[in-house]
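Structure, as C-alpha cells:
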Amino acid sequence: MSTSAEPQRIVVVGAGECGTHAAMALRDKGFGGSITLIGRESVHAYERPPLSKGALAAEETELVHPWSPEQLAEAGIDLRLGVEVTGIDLAAGTVTTDAGEVPWDRLLLALGSDVRRLELDDVTYLRTHEDAAALRELLRPEGHLLVIGAGFIGLEIAAGARERGMEVTVVEAGPRALGRIVPQEVAEQVVALHAEHGVALRTSTLVTDLRREGGRLRALLSDGDEVVVDAVVAGVGAAPTTALAEAAGLVVDDGIVVDEGLRTSDPRVFAAGDCASFPDARSGGRVRLESWRNAHDQAVTVAASMLGEEQAHAAVPWFWSDQYDQMLSVAGLPGTGERSVLRHRDDGVLLHLGLDAADRLVHAAAVGPGASVAKDIRVAEKLIAAAVPLDPEQLADPGVPLRSILKAATA
Ligand SMILES: Cc1cc2nc3c(=O)[nH]c(=O)nc-3n(C[C@H](O)[C@H](O)[C@H](O)COP(=O)(O)OP(=O)(O)OC[C@H]3O[C@@H](n4cnc5c(N)ncnc54)[C@H](O)[C@@H]3O)c2cc1C
C-alpha cells in the first residue's frame, strides 16, 4: 500500500485536545489540502485538567478553549461537532458518521479515553464538561462525599470538595494512594496534606454495595464497615477508546498500536493522544499516556508524520496535579529496580529521583509549593532526556542546585 503521494484530504476523528492541536499543527506545517475535524461532543476543544481542579470550586464551569471556532475556520479546518464516527472503511478510505460518509487519504484517530465504570448504580464520573457541571451540583457544603479511587483525579476531586466545605471519605482498592506513577514517599506527603485538610482515606478497601436510602446513599465497604453519604464519585482510571479501530481491523493492544512515527498497522492511518500505545525508546517498552502534555506533543509529531516527515516521538512524559495550594508533578516513567534518591528542600518540596543501574535519571516526582516543584521538574525532564550518569550524593543535596548538575552533565 503506497503512502508516498502528498495527501489531499485529511480527516481527524476526535476534536479534543490532541485532534484539534494536530489539525492546527498540520496547517502550521503548510498543509494546504482539506482538513475535516470530527468530534462527538457538542463543544469545540476545551482543557479537561481544570474540570477536576479550579472548576469544582467555581460557581459555574468556564471552559478554557485553546482555540475558538473562528480561529479554526480561519485556518480552513472544517469542524464538525456533535458528529459521531461509527465506522472506518480502510478499503474505501472513508469514515461513516451519523451525518454521512467522509473520504480521506490520511486519517488520524485522536479518540481519547473513556472512564472506567464500576458495577454500582448512583456513581458519578468525570470526563467531560457536562460531567463536571453534574458533579458540581453534588458538591454541597455540609454534605458528605465518597470518592472511590485515590489516584490523581480522585484526590483532586477530594480537595475540591473539601474546599467547598464537604466532609470527604476516599476509599482506595490498592494498598496506597497514587500507586501507579508516584513513588511512596511523595504519595505519603500528598496523603498527609489531605489528612491535614480533614479527608478520611481508607486504603485496601472496596465499595461492595451502594444502596439509596431516602435522599442519601449507604455504601458497604469490603472491611464490613458502612458509610452514609450524599454523593459518590469514582476516579478509577480510564480505558483507551479503541472500538472503532478494532472494528476496522487495526491492531489494538491496550490502545491503538502505533510505531514511533504514530502510524497504525495501516500506514495511512495514525493515532495519537490518550488512545495510542506507542514504543517508548527510553524504556524499550510500549506505553500509553493519559496526559495533557502528551496529547500536545504527539499532535505535533503526528502532524509531521502524516505529511511524510520522519519523526520519532521522543518527548519525556510529564504529568501534574494541583491539590489545595500544592503541586504534584512527575516526569519520566518509573523503571524497574531503580535506585531512589530523595531531596528535601527548605521550602517544603520533596523530590524523589529514580536512577537506573547506570545512575541515569529515569523518573522524577515532586510535591510542594507549585513554583518550586515546576522548576525542579523542568530541570529533571532535561536530565532524563540527557540520559547521562549522575552523582546520587549531589542529587540528594538540596545545597547543590539541580541546574548546576544539569549544566555539568550536559557540558
Ligand atoms: C477531569 C480530568 C482532569 C485531567 N487532569 C489532567 C492533569 O492535571 N494533567 C494532565 O497531564 N492530564 C490531565 N488529564 C488528561 C488529559 O486531559 C488528557 O490526557 C487529554 O485530554 C487527552 O487528549 P486526547 O485528545 O487524546 O483526548 P480527549 O481530549 O478526550 O479528546 C478525544 C475526543 O474524541 C472524541 N471521540 C471519541 N470517539 C469519537 C467518535 N467515534 N467520533 C467522534 N468523536 C469521538 C471524544 O468525545 C473526545 O472529545 C485530565 C483528564 C480529565 C478527564
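The values are calculated or read from the model by the stated rules, or taken from the named source; none is laboratory data. Since we're looking at a predicted model, the values are computed, not measured. Here Cβ is always computed from backbone atoms with ideal geometry, including for glycine, and neighbour counts include all displayed protein chains. Note: areas computed on protein heavy atoms with side chains; ligands, DNA, RNA excluded. Shrake-Rupley method; radii C 1.70, N 1.55, O 1.52, S 1.80 Å.
The label point for S68 and the one for L220, both projected 7 Å from the Cα toward the Cβ, are 5.5 nm apart. Computed over the stretch 117-234, the convex hull of the alpha-carbon atoms projects to a mean area of 7.1 nm². Exposure here means at most 12 other Cβ atoms within 10 Å; with GluC sites (Glu not before Pro) in a DSSP loop as sites, the longest stretch of the chain lacking them is 143-308.
Normalised by the number of residues in the stretch 288-411, the mean separation of alpha-carbon contacts (under 8 Å, six or more apart) gives a relative contact order of 20 percent.
Lysine pairs, Cα distance under 28 Å, 8 or more residues apart or cross-chain: how many in the chain?
Lysine pairs meeting the criterion: 5.
Just report the Cα centroid separation between the stretch 255-276 and the stretch 1-56, whole Å. For the stretch 255-276 versus the stretch 1-56, the Cα centre distance is 15 Å.
An oblate overall shape is assigned to the chain, the ratio a/c of its alpha-carbon gyration tensor axes (a ≥ b ≥ c) being 1.5 or greater and a/b not exceeding b/c.
The slack in the chain from E59 to A315, taken as 0.36 nm per residue of separation less the alpha-carbon distance, amounts to 88.5 nm. Taken about its Cα centre, the chain carries a charge dipole of about 620 debye when Lys and Arg each add +1 at the Cβ and Asp and Glu each add -1 at the Cβ.
Each label point was placed 7 Å from the Cα along the Cα-to-Cβ direction; for D259 and A192 their separation is 4.9 nm. So for the stretch 117-234: antiparallel DSSP bridges make up what percent, rounded to the nearest 5? If we restrict to bridges inside the stretch 117-234, about 45 percent are antiparallel.
Let me check I've understood the local charge: for A91, count other residues with C-beta under 12 angstrom from its C-beta, Lys and Arg +1, Asp and Glu -1. What total comes out?
-1
Over all directions, the projected convex hull of the C-alpha atoms in the stretch 334-411 averages 4.5 nm² in area. Taking every C-alpha pair closer than 8 Å and separated by at least 6 residues, the mean separation divided by the residue count of the chain gives a relative contact order of 14 percent.
Note on the stretch 289-397: percent of Cα-Cα distances in each 5 Å bin, starting at 0 and stopping at the bin with the largest distance, equals 2, 12, 20, 21, 17, 13, 8, 4, 2, 0. FRET efficiency for R140 and A408, Cβ-Cβ distance as r, R0 = 45 Å, nearest 0.05? According to the calculation, E is roughly 0.25. Computed over the stretch 216-308, the quotient of the alpha carbon radius of gyration and 2.2 N^0.38 Å is 1.51. With a cut-off of 12 Å between beta carbons, the residues surrounding P369 carry a summed charge of -3, where Lys and Arg count +1 and Asp and Glu -1. Counting protein heavy atoms only, the chain has 49 percent of its accessible area on carbon and sulfur, 1.4 angstrom probe.
Could you please report the charge total around A295, scoring K, R as +1 and D, E as -1 over all other residues with beta-carbon less than 11 angstrom from its beta-carbon? That works out to -3.
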